[in-house]
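For reference, the structure is listed below as structure tokens.
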Amino acid sequence: MTIASTTQQICFFLLTATIVSGALGVVLLSNIVYSAFLLGGVFMGVAGLYLLLNASFVAAAQILVYVGAVNVLILFAIMLVNKKEDLKPIKGLQYRKILSGIVCIGLFILLVRVDLSTPWSIPGPAAIGEESTIRIGEHLFTDYLLPFELASVLLLMAMIGAIVLARRDTIKAQYSIEKDNQSEIINESKTPVLIDQKSIKN
Amino acid sequence: MPILMNTGIDIELSFNNALQGLGFSKSFAHMLWLPLPMLVVLTAALIGVLATVWLERKISAAAQQRVGPEYAGALGLLQPMADGLKLLVKEDIIPAKADKVLFTLGPILVVIPVVLSWLIVPFGQNLLISNVGIGIFLWIALSSIQPIGLLMSGYASNNKYSLLGGLRAAAQSISYEIPLALSVLAVVMMSNSLSTIDIVNQQNGAGIFSWNIWRQPIGFIIFWICALAECERLPFDLPEAEEELVAGYQTEYAGMKFALFYLGSYINLVLSALLVSILYLGGWGFPVPVEWIASLFKQSIDQAFIQVITASIGIVMTILKTYLLVFLAILLRWTTPRVRIDQLLDLGWKFLLPISLVNLLFTAALKLSFPIAFGG
């Protein structure tokens with residue numbers, strides 16, 4: 001066994017241990033801020049696995065998208081509404097926990113069965129390494145063009161939805177949503193742009 | 001330095017050969033070699049920070065008609081060392097109600113990605129740690145980790161100013177990452193590669209006239225503004241605006257943990273200046289191509305003697321360009337007022353983002369219509 005393969009194995013076990021324990025922590029910890037930070041750790045671990053598979057572009061993209069954007073936004077949202085309030089105890093929480101535990105174990109058993117019964121071809125196809133960036137680009141603009149474009153439409157929809165949600169003043173005027181407990185934070189003197197001024201004054 | 005060019009000295013090869021000549025195995029020589037470039041670059045980064053701190057003190061003093069540090073060493077050159085030593089021996093205080101684990105982890109998460117990004121900084125054709133194919137993209141990805149560290153330390157300090165500072169830092173970082181990436185993308189489009197080596201090589205055809213700054217003037221300005229914002233330098237130092245937020249996310253930190261923040265921000269500044277010089281100012285390139293000068297004196301570029309001179313000129317040029325930009329950043333810090341948070345976000349989202357998108361499209365159009373000048 002060479003030094004390279006030994007290092008690779010050690011890295012693999014370290015990364016999987018990080019991912020599994022981190023993921024368990026995300027689900028089981030009661031402090032949501034810890035969960036969010038651990039989620040970032042799990043994403044980083046997955047990026048490390050991609051690196052081990054010689055897919056450096058995918059690893060960097062994973063860090064950029066999941067750690068740099070998704071996880072930061074999650075943290076941002078949690079910390080912006082950082083209110084300490086005691087949650088009401090939910091009825092039958094014990095049974096719910098046991099039930100979801102059983103479902104999770106079932107899923108796990110299913111995955112293990114798939115893992116054991118599939119004839120994996122080891123070693124898999126050779127990694128293309130540095131060339132992968134070019135190949136990903138080629139695939140995105142030829143045979144995966146439709147999914148690529150559909151994803152962009154989906155993102156556009158999400159963005160419009162976010163804008164509509166963020167501009168609550170327009171919704172308020174139209175549907176008169178009842179005031180929630182955060183409305184004092186929102187600057188209410190904003191002038192809505194999307195609807196004409198007369199309908200507000202009435 | 002794994003790549004082996006036809007021209008150029010390869011220190012790795014000669015190091016390995018020397019060790020194998022002494023009777024060591026090839027893999028052992030390789031293992032001995034691996035940490036060397038990293039150590040050299042890390043030391044270079046730290047010395048760069050010391051120089052920047054000294055410059056900051058001296059230039060700020062000059063801007064305010066003071067003398068600045070002058071007793072520690074000649075011209076106060078040892079002042080940054082004294083600063084570092086002071087921070088090293090200071091008591092490490094963790095506030096009683098702070099979250100101890102996150103409080104410690106925060107500064108580490110801020111520094112590590114910045115230091116890792118030095119992986120892709122080239123000082124010459126073969127003078128970098130690793131010519132990874134994703135090059136500049138690695139830096140963009142790594143720099144997106146930093147806001148998590150800032151949020152973490154802001155949250156863990158259990159202090160409203162810290163939390164606000166952390167949130168501001170994250171918001172600023174997210175907003176300015178996008179125009180930054182888009183302006184980098186325009187450069188990448190012209191050089192057909194993400195690798196920093198290729199980006200510099202593409203600019204060194206005709207000396208100073210082929211630098212990207214002439215082809216990407218708008219991209220250069222956008223990148224510089226965004227880099228300043230990512231480094232949290234004035235006029236964008238809102239996360240630690242001392243008049244409003246005491247010191248932002250750093251408020252509760254003392255001793256070595258504070259020093260990590262300090263170090264991180266200065267390493268980031270030097271790194272950003274380096275990347276500006278690599279992306280837009282021709283990296284290690286001399287204003288007149290070295291090949292031309294060599295042919296003027298009828299010398300072959302492949303001679304070992306010429307190679308050493310070329311490499312030294314490359315390093316000097318990179319550092320010179322970088323420190324010109326650092327000087328500019330320091331001057332900006334001591335001459336411009338701070339923007340407000342709404343102005344900052346407006347500038348990022350409503351001005352820089354559309355402009356950088358237009359710049360990208362314009363570059364693509366130019367690339368299609370003038371493939372000779374814009375890297376077809």
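The values are calculated or read from the model by the stated rules, or taken from the named source; none is laboratory data. Everything quoted here is computed from the prediction, not taken from an experiment. Cβ coordinates were reconstructed from backbone atoms using ideal geometry, including for glycine residues, and neighbour counts include every protein chain displayed. When the accessible area is computed, the model is the full protein with side chains, heavy atoms only, and any ligands, DNA or RNA have been set aside. Shrake-Rupley method; radii C 1.70, N 1.55, O 1.52, S 1.80 Å.
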Is it the case that B:Ser265 is within 13 Å of the chain's Cα centre (by Cα) and small (Gly, Ala, Ser)? yes
Residue list for the range B:77-101, filter: in contact with a Lys or Arg (Cβ under 7 Å, 6 or more places away or on another chain) and part of a helix (DSSP H, G or I): B:Gln79
Among A:Phe43, A:Phe57, which is among the aromatic types (Phe, Trp, Tyr) and closer than 16 Å to B:Pro147 by Cα? A:Phe43
Across the range A:62-73, which residue is farthest from A:Leu38 (Cα to Cα) among those that are surrounded by 19 or more Cβ atoms within 10 Å (Cβ to Cβ) and among the hydrophobic types (A, V, I, L, M, F, W, C)? A:Leu64
Please note which helices (runs of 4 or more DSSP H) are completely contained in the range A:118-202 and include at least 2 residues that are at pLDDT 55 or above, surrounded by fewer than 11 Cβ atoms within 10 Å (Cβ to Cβ) and not assigned by TED's automatic domain parsing to the domain that holds A:Ala59. A:145-166
Subset of the range B:105-126, residues open to solvent by 40 Å² or more (accessible area, probe 1.4 Å) and aliphatic (A, V, I, L, M), comes to B:Leu105, B:Ile108, B:Leu109, B:Ile112, B:Val115, B:Leu116, B:Leu119
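Quick grid of which residues meet (1) farther than 27 Å from B:Tyr161 by Cβ; (2) free of Cβ contacts under 8 Å to residues at least 24 places away in the same chain; (3) of a type in the set (Phe, Trp, Tyr):
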position	(1), (2), (3)
A:Thr6	yes, yes, no
A:Leu39	no, no, no
A:Gly45	yes, no, no
A:Leu52	yes, no, no
A:Ala59	yes, yes, no
A:Ile63	yes, yes, no
A:Val67	no, no, no
A:Met79	no, no, no
State whether one or more residues within the range B:336-355 are at pLDDT 85 or above and of a type in the set (D, E, K, R). yes
Could you please find all residues in the range B:168-192 being out of contact with any Pro (no Cβ under 8 Å at 6 or more places or on another chain), open to solvent by less than 20 Å² (accessible area, probe 1.4 Å) and polar (S, T, N, Q)? B:Ser175, B:Ser183, B:Ser191
Kindly evaluate B:Leu271 against the criterion of being within 27 Å of B:Leu347 (Cα to Cα), open to solvent by 10 Å² or more (accessible area, probe 1.4 Å) and under 17 Å from the mean Cα position of the chain (by Cα). no
Please give the helices (runs of 4 or more DSSP H) falling wholly within the range A:1-111 in which 2 or more residues are among the small types (Gly, Ala, Ser) and more than 11 Å from every other protein chain (Cβ to nearest Cβ). A:3-28, A:32-52
Give the residues of the range B:113-141 that are within 7 Å of another protein chain (Cβ to nearest Cβ) and closer than 14 Å to A:Ile63 by Cβ, sorted by residue number. B:Val132, B:Ile134, B:Phe137, B:Leu138, B:Ile140, B:Ala141
Quick check on this structure: which one of B:Leu36, B:Leu87, B:Leu50, B:Leu75 is of a type outside the set (D, E, K, R) and open to solvent by 70 Å² or more (accessible area, probe 1.4 Å)? B:Leu75
Any idea which residue in the range B:151-166 is farthest from B:Val110 (Cα to Cα), counting only those that are out of contact with any Asp or Glu (no Cβ under 9 Å at 6 or more places or on another chain) and either more than 8 Å from chain A (Cβ to nearest Cβ) or not aliphatic (A, V, I, L, M) (or both)? B:Lys160
When both residues are 6+ apart or on different chains and their Cβ atoms are under 6 Å apart, which pairs have a first residue that lies in the range B:167-184 and is more than 7 Å from every other protein chain (Cβ to nearest Cβ), and a second that is open to solvent by 10 Å² or more (accessible area, probe 1.4 Å) and of a type in the set (D, E, K, R)? B:Tyr176/B:Glu230
Within the range A:74-111, of all residues that are exposed (fewer than 11 other Cβ atoms within 10 Å of the Cβ) and of a type in the set (Phe, Trp, Tyr), the one modelled with the lowest pLDDT is A:Tyr95
Of A:Ile19, A:Ile32, which residue is touching a residue at least 40 places away in the same chain (Cβ under 8 Å) and either under 19 Å from A:Arg135 (Cβ atoms) or within 17 Å of the chain's Cα centre (by Cα) (or both)? A:Ile32
